[in-house]
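Since every read-out is calculated from the coordinates, none of them should be taken as a lab result. Everything numeric here is computed off the predicted structure, so don't read it as measured data. Using ideal geometry, Cβ is built from the backbone for each residue, glycine included, and neighbour counts are taken over all protein chains shown.
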Ligand code: ADP
Ligand code: MG
């Protein structure tokens with residue numbers, strides 16, 4: 001069974017009196033532990049698709065199954081719970097909490113995990129900070145970190161609650177090319193170690209090549225030249 005499965009998936013926004021078709025009937029499947037990119041120009045529907053997979057937005061039509069759950073049927077409360085339990089997010093502008101240290105930002109999702117001791121929590125956070133190469137910056141606040149360092153913290157935060165799926169919407173858009181490549185290498189390394197599925201979006205052709213599977217969006221539709229999975 002695929003980790004994510006979409007069939008004739010559509011999303012139409014209503015803007016005033018007009019319908020804006022953002023996603024127009026896409027079919028795809030994403031396997032566990034894969035490293036997948038949705039690519040395409042601005043406005044092609046990448047964010048809309050990632051937001052539906054992440055239960056931040058609901059489909060207008062078709063079917064979408066994520067981790068064997070038909071996410072279209074989840075109400076507000078259930079989708080928030082589903083997200084908190086299973087999905088990590090990485091954003092273009094990092095979205096770290098400015099008043100918290102790197103350590104506290106990574107710890108933050110664990111507030112939802114009630115049954116952990118303080119010691120287990122600390123060990124988990126430090127393991128993740130170490131894995132992303134940020135253990136010696138644990139006490140710094142976001143404004144004391146570079147863009148690449150902030151995104152490393154965000155990768156750790158996305159993984160700390162043991163998510164099975166990480167969604168990253170243009171995670172490298174605010175980084176220079178070398179830093180962007182290193183962030184992708186880091187995400188791939190974390191996929192290898194933790195078997196977490198990473199799905200990211202990008203419109204940068206140099207970054208798309210780092211993906212093992214690419215789905216190309218054009219005006220809300222998938223193009224024909226999508227590459228099949230090559231990892232394993
Ligand atoms: P991308 O992430 O590839 O740049 P988006 O998914 O953000 O593309 O947008 C796809 C299309 O949907 C665009 O035409 C955009 O203007 C439109 N769109 C996105 N979000 C909304 C919204 N909340 N309301 C109306 N139209 C939207
Ligand atoms: Mg977008």
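A simple spin-label model places the labels of residue 73 and residue 58 1.3 nm from each other, with each point 7 Å out along Cα-to-Cβ. Can you classify the range 1-95 as rounded, prolate or oblate using the Cα gyration tensor, where a ≥ b ≥ c are the square roots of its eigenvalues, rounded means a/c under 1.5, and otherwise it's prolate if a/b beats b/c and oblate if not? Taking the square roots of the gyration eigenvalues as a ≥ b ≥ c, the range 1-95 is rounded.
Percent of C-alpha pairs per 5 Å bin in the range 49-195, short distances first: 2, 10, 19, 21, 20, 15, 9, 4, 1, 0.
How would the range 77-147 be classified by its alpha-carbon gyration tensor: rounded, prolate or oblate, with rounded meaning a/c under 1.5 and the a/b versus b/c comparison settling the rest? Because a/c hits 1.5 or more and a/b fails to exceed b/c, the range 77-147 counts as oblate. Annotation for residue 182 and residue 31: the two label points, set 7 Å from Cα along the Cα-Cβ direction, are 3.2 nm apart. When a/c reaches 1.5 or more, the comparison of a/b and b/c decides; with that in mind, is the range 118-175 rounded, prolate or oblate per its Cα gyration tensor? Here the range 118-175 falls in the oblate category. Listed by Cβ neighbour count within 10 Å, with the fewest neighbours leading, 197, 69 appear as 69, 197. In degrees from 0 to 90, rounded to the nearest 10, what is the angle of the helix 177-194 Cα long axis to the longest principal axis of the chain? Its long axis makes an angle of about 80 degrees.
Taking only Cα atoms, what is the 0 to 90° angle, nearest 10, from helix 147-159's long axis to the longest principal axis of the chain? Its long axis makes an angle of about 80 degrees.
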